[in-house]
Amino acid sequence: MELRTLLHEILEEVRPLQQQGQVAQYIPPLALVPRSKLGLAVVTLDGEVHAVGDAEEPFSTQSISKVFTLTLAFQQLGEELWQRVGREPSGTAFNSLVQLESERGIPRNPFINAGAHVVDDIVLSRYAEPRTALLDFVRCRAANGAIADVAAVAEAERETGFRNAALANFLKSFGNLERTVDEVLAYYFFHCSLAMSCVDLARSFAFLAHRGICPWTRERLLTPSQTKRINALLLTCGTYDAAGDFAYEVGIPAKSGVGGGIVGIIPDRLAIAVWSPALNAKGNSLAGTAALERFTTRSGLSVF
Ligand code: GLU
């Protein structure tokens, strides 16, 4: 079956599921996004783009942006990174404080919020212009110079980010932040506020399907071995405390965000991104997860 036809079919099949689940409420601007938004995009490594529904409309990337900051930090620090952050699923919510105290300030993995704060601290210490470095990175990867952060979203997160503030203070108290808590939080809210479409996101993850080389610029961003490792982390820790279930249902490395986006890759083939704002109980897009499950099942493409 034609890829585009398959994507259209899937979109129509999962549309009724958009009535289920909850749009994230705890970041006020996210609560205003209509649950009817639905987009799906596949980008193949030769640059073909298949986009259906609202796949070209930018939305809040939220935790998906943690993959970009992790890549920037990994480029600079390599394996040394793992002295400050672990590589195990946490088995707790992404914003939980419990483990951080008992595990003495070493977050379980780079995709829970505490882990992302440590990664941000590294980016802040290693890049002269950390915001520009990130914007340049996503704009080049997505071949879209218009990608930007949304100050109102970052500000709303700052105003409501009590748990993030608590996590960052904990990290600081254990000596696992070099920069100030305020600097780390400001950078974290900045990158969570990046607005990107499904097409942008699929394009920007394509290097992870391509052994670390950006298919469009031909730049090597990570070694094949580092790429393998980021993908392993995406599979085991990329979809909150539901990564086991997601691997079972969908079977690809992926990252989700509370804005309702999920982006995944199939090595040597493609990157796929979906957006539907209503989330399941674990924080993953409900209709988005269903769409990806249908895609991997019907196409027969996954990592397994
Ligand atoms: N900025 C959000 C938070 O820290 C990110 C949540 C997410 O997408 O997982 O709560």
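The values are calculated or read from the model by the stated rules, or taken from the named source; none is laboratory data. These numbers were taken from a predicted model, which means no experiment stands behind them. Every residue, glycine as well, gets a Cβ built from its backbone with ideal geometry; the counts of neighbours run over all protein chains shown. Note: areas computed on protein heavy atoms with side chains; ligands, DNA, RNA excluded. Shrake-Rupley method; radii C 1.70, N 1.55, O 1.52, S 1.80 Å.
Structure summary
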{"quantity": "Separation of alpha-carbon centers, segment 125-179 and segment 41-98, rounded to whole Å", "calculated": "13 Å"}
{"quantity": "3J(HN,Hα) from dihedral phi, segment 129-143, Karplus parametrisation 6.51/-1.76/1.60, rounded to Hz, x for glycine, proline", "calculated": "10, x, 5, 5, 4, 6, 4, 4, 4, 6, 5, 5, 4, 8, 6"}
{"quantity": "In degrees, nearest ten, helix 113-126 long axis to first principal axis of the chain (Cα)", "calculated": "70 degrees"}
{"quantity": "Of Thr227, Thr61, Thr160, the one that fluctuates the most in a GNM where the chain has Cα springs shorter than 10 Å", "calculated": "Thr160"}
{"quantity": "Cα-Cα P(r), segment 123-248, percent of pairs per 10 Å interval", "calculated": "11, 30, 41, 17, 0"}
{"quantity": "Long-range amide H partners of Ser90 with built H, under 5 Å", "calculated": "none"}
{"quantity": "Relative contact order %, segment 1-145, counting alpha carbon pairs below 8 Å whose residues are six or more apart", "calculated": "17 percent"}
{"quantity": "Within straight-line cross-link reach of Lys228, lysines at Cα separation under 24 Å, skipping those fewer than 8 residues along the same chain", "calculated": "Lys66, Lys255"}
{"quantity": "Length-normalised contact order of segment 170-304 in % [C-alpha pairs under 8 Å, at least 6 apart]", "calculated": "20 percent"}
{"quantity": "Rounded to whole Hz, the Karplus (6.51, -1.76, 1.60) HN-Hα couplings of segment 291-304, x for glycine and proline", "calculated": "5, 5, 4, 5, 4, 5, 5, 6, 7, x, 9, 6, 8, 10"}
{"quantity": "Three-way shape call for segment 59-99 based on the alpha-carbon gyration tensor, with the a/c threshold at 1.5", "calculated": "oblate"}
{"quantity": "Degrees between helix 65-77 axis and first principal axis of the chain (Cα, 0 to 90, nearest 10)", "calculated": "60 degrees"}
{"quantity": "The chain - mean residue ellipticity at 222 nm from DSSP helices (-39,500 (n - 2.57) per run, n ≥ 4, rounded to 500)", "calculated": "-14000 deg cm²/dmol"}
{"quantity": "Where Glu219, Glu129 fall by accessible area, highest first, once all protein chains stay in place (1.4 Å)", "calculated": "Glu129, Glu219"}
{"quantity": "Accessible area per residue, Å², segment 15-117 with all protein chains present, probe 1.4 Å", "calculated": "42 Å²"}
{"quantity": "3J(HN,Hα) from dihedral phi, segment 220-227, Karplus parametrisation 6.51/-1.76/1.60, rounded to Hz, x for glycine, proline", "calculated": "7, 9, 9, 6, x, 5, 5, 5"}
{"quantity": "Over the chain, relative contact order from alpha-carbon pairs under 8 Å, at least 6 apart, %", "calculated": "27 percent"}
{"quantity": "Model label zone, Ala152; criterion: amide N under 11 Å from point 7 Å along Cα-to-beta-carbon; scope segment 174-206", "calculated": "none"}
{"quantity": "Prolate/oblate/rounded label for segment 110-159 (Cα gyration tensor, a/c 1.5)", "calculated": "oblate"}
{"quantity": "Glu13 accessible area, 1.4 Å probe, all protein chains in place, Å² to nearest 10", "calculated": "70 Å²"}
{"quantity": "Ser90 - accessible surface, heavy atoms, 1.4 Å probe, Å² rounded to 10", "calculated": "10 Å²"}
{"quantity": "Solvent-free Debye scattering, log10 I(q)/I(0), computed from the Cα coordinates of the chain at q = 0.11, 0.12, 0.14 Å⁻¹", "calculated": "-0.58, -0.70, -0.98"}
{"quantity": "On Cα atoms only, tilt of 162-173 relative to the major axis of the chain in degrees", "calculated": "50 degrees"}
{"quantity": "Rounded percent of accessible protein surface that carbon and sulfur make up, segment 140-211, 1.4 Å probe", "calculated": "54 percent"}
{"quantity": "Probe 1.4 Å, all protein chains present, accessible-area order of Val98, Val250, largest first", "calculated": "Val98, Val250"}
